[in-house]
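Where a number appears in this text, it was derived from the coordinates with a stated rule and is not lab data. Note that the structure is predicted; figures quoted are calculated from it, not measured. Note that we place each Cβ from the backbone using ideal geometry, even for glycine, and neighbour counts take in every protein chain shown.
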Amino acid sequence: MQFKKCLAGKVTSCVVGMAGLTWMLAAGNASAQSSVQVTGVIDTYLGSMERSGETGRTSVVNSSGMTTSWWGFKGIEDLGGGLQAQFNLTGFFRPDVGGTGRYSADTMFSRDANVGLAGSFGRVSLGRDLAPNFVPSISLNPFGGSFAFAPILVQTQASSGFYKSQNWAATEAGDTGWSNEIMYVTPDIGGMTASFFYQFGEQAGNNSKNNLGVNAMYKNGPLNLGAYYQSVKVANPVDVAAGDSKIFSFLPYNIQTGAVYNLTPARQQNTWFVGGAYDFQVVKLFATYQASDNKLPDGLDNTRFKLKSDTLQLGASMPVGKGLALLSWAQTKVKADGDYLDTLGSGWQSSIKRNTASLGYDYFLSRRTDVYAVSMYDKITDMQSGISFGVGIRHKF
């Protein structure tokens, strides 16, 4: 749905009603053209969910099976000479309950809230925008932005599943979007684009508390490549912690007694990622690898342990009829290297492994509407496996 304005010498007003909000879109002048677009995705699925370590199966009608549901406004104004002003104001929502955000504490416009300029130099924006990890992660796995069923995202971005009665912590710190950010994207040069990210921690007396990163994407015919690096100290979308934030945590446990060692949460995480995909027409293959080094606060734990994680993902998609058959597997290893025998005694488990595999089919009813079915297998060290199923519909507007 798009509203355009191109006026000479007078002002025209357009009123758009959306979810009880009234938006006034005013006109420009003789030389300026602008547009505002109301856009988004609504995605809901019926499922039976049981991830590894969970105590039982749950029947659900959930939102965001293949894409996190979102809506909002995107606008541009032609300033002449190839220069544009742009804004994005979009937020996630949960159509299963009618709630705003991905979860109850999420901010209203946690997907996008930024304004910027674009031209032959590329694009620069200020506000809440993407994190370095987002585009490479969703572009180089068969399930795209499915935080419910894409194995790589279930393991690195979602706090779901349990090990020894502890909630699995998403191994990728910092969220998929960063607040208080300045972001620059280069123009496309021979199929290559690069993006640079800096998030201000906005903490008085602690100017070193910030996030920074870079990513690059390359596309040439059937070949897609991507990479990113990010250093995270600030939680998102809102971080009000004084001093160090608890970016990532992992709790080693005793196999014999079940006792947990309260390893100090990391204050900083540095992550790098490489991946690629190649479309052979009959099948498209995907592969990614990422590794994170978590820095613990100064103290005894920091001198004894090194907290790391790495994730390998392999996948494929194949055209079948009017849809795509999808297959993906990911394995994440989390480990706190150190001498546990001397410090904690015998029987301590200082590393865990998670294997997740998903098989699905996405059928396209039209350019904007598709239906899908997915089955997912999930297994964490020392825990029983879980199998989940989902059937859903997604509509883009």
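For the chain, a simple Cβ point-charge model (Lys and Arg +1, Asp and Glu -1, everything else neutral) yields a dipole of about 660 debye relative to the Cα centre.
Over the chain, dividing the summed -39,500 (n - 2.57) contributions of all DSSP H runs of at least 4 residues by the number of residues returns a 222 nm mean residue ellipticity of -1000 deg cm²/dmol. For K219, the lysines whose Cα falls under 18 Å of its own Cα, not counting residues fewer than eight places away in the same chain, are K284.
Sorted ascending by nearby beta carbons within 10 Å, beginning with the fewest, D112, D298 become D298, D112. Peptide packing: for 48-55, 125-132, the average count of neighbouring Cβ atoms within 10 Å per residue gives the ranking 125-132, 48-55, highest mean first. Extension gain, V238-S120: 0.36 nm per intervening residue step, less the Cα-Cα distance, totals 39.2 nm.
Shape class of the range 131-206 from the alpha-carbon gyration tensor: oblate, with a/c at 1.5 or above and b/c at least as large as a/b. The convex hull around the C-alpha trace of the range 36-100, projected and averaged over every direction, spans 6.2 square nanometres. Here the Kirkwood formula puts the hydrodynamic radius of the chain at 22.8 Å, using every distinct Cα pair. A simple spin-label model places pseudo-atoms 7 Å from Cα toward Cβ; at Y361 and Q33 they are separated by 4.4 nm.
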